[in-house]
Amino acid sequence: LALLLAVAMPAGAAGDWDIARLMDILSRNKSSDARFVERKFIALLDQPVESSGELSYVAPDRLEKRTLKPKPESMLLDGGMLTLERGGRKRSLPLTDYPEVGAFVESIRATLSGDFKSLQRTYGLSLEGDAAQWMLTLTPSEPRMAQLVQTIRIGGSRGDVTSIEILQADGDRSLMNIQKTGRADKAPAS
């Protein structure tokens, strides 16, 4: 899951770079499209499982991940509903019925929309780097979420998200590399 965000704004002075500034830049993104390659490293397997496809984000709360290889499947998050489609079967889940899934999904969506308050409700946040190359680390603050996820590391450059790494509590991890494509609408810079 993840997305690219397209705001090619010059960063302020290095001293101005903090989570508030990052969230402000990300909040200006209204929509974006990207390609992704995701590698899942699972302890029981000798080699990572690789998938690739397309991502689409429309502010404030629509996120779609279309996996094209190795097998077509899709995941659509629209408001509070998560819809999964695989092998011709479709299943919709209200996130209110699955709070841990909701918290995980919200970590990506809230980052893409620059929603600092939503992130703070469930995660401790730390930011490394500068506007040209940053890494936002989310650490679950709720014990039930911490039983599933150790950390989520979202990397980027300026207003573009370029990677999402998820370190699970059981030691497995996934790394999604994201490359922006075509459409990228943004609000005018202020």
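The values are calculated or read from the model by the stated rules, or taken from the named source; none is laboratory data. Computed from a predicted model, the values in this text were never measured in an experiment. Virtual Cβ from ideal backbone geometry, glycine too; neighbours counted across all protein chains shown. For accessibility, only protein heavy atoms count, side chains too; no ligands or nucleic acids. Shrake-Rupley method; radii C 1.70, N 1.55, O 1.52, S 1.80 Å.
Brief remarks on what is shown
- Measuring only protein heavy atoms, the 1.4 Å probe finds Ser141 accessible over about 70 Å².
- Distance between the range 131-182 and the range 46-108 - C-alpha centres, whole angstrom: 16 Å
- Comparing Asp170, Asp160, Asp115 in a Gaussian network model of the chain where C-alpha atoms under 10 Å apart are linked, the largest mean-square fluctuation is found at Asp170.
- Cα point-scatterer Debye curve for the chain, base-10 log of I(q)/I(0) at q = 0.12 Å⁻¹: -0.56
- By accessible area with a 1.4 Å probe, ligands and nucleic acids excluded, highest first: order of Tyr57, Tyr98: Tyr98, Tyr57
- At 1.567 mPa s and 4 °C, Stokes diffusion of the range 38-144 via Kirkwood alpha-carbon radius, µm² per second: 83 µm²/s
- Straightening the chain between Asp24 and Ile42 buys 2.9 nm, computed as 0.36 nm per residue apart minus the Cα-Cα spacing.
- Ordered by solvent-accessible area of protein heavy atoms (1.4 Å probe), largest first, the residues Phe104, Phe36, Phe116 come out as Phe116, Phe104, Phe36.
- Å² per residue, accessible surface of the range 19-101 at 1.4 Å: 60 Å²
- Take 89-97, 62-70 and order them by the average number of nearby Cβ atoms within 10 Å per residue, most first; the result is 62-70, 89-97.
- Label sites at Met135 and Ser74, each approximated as a point 7 angstrom past Cα along Cα to Cβ, lie 3.5 nm apart.
- The modelled label-to-label distance between Gln179 and Ser157, using points 7 Å beyond Cα along the C-beta direction, is 1.3 nm.
- Between Gln147 and Asp16, residue separation times 0.36 nm minus the direct Cα-Cα distance comes to 43.7 nm.
- By accessible area with a 1.4 Å probe, ligands and nucleic acids excluded, highest first: order of Leu112, Leu148, Leu44: Leu44, Leu148, Leu112
- Rule-of-thumb Rg ratio for the range 64-125 [Cα; 2.2 N^0.38 Å; N residues]: 1.24
- Between helix 99-113 and the chain there is an angle of about 40 degrees, using the helix long axis and the longest principal axis of the Cα atoms.
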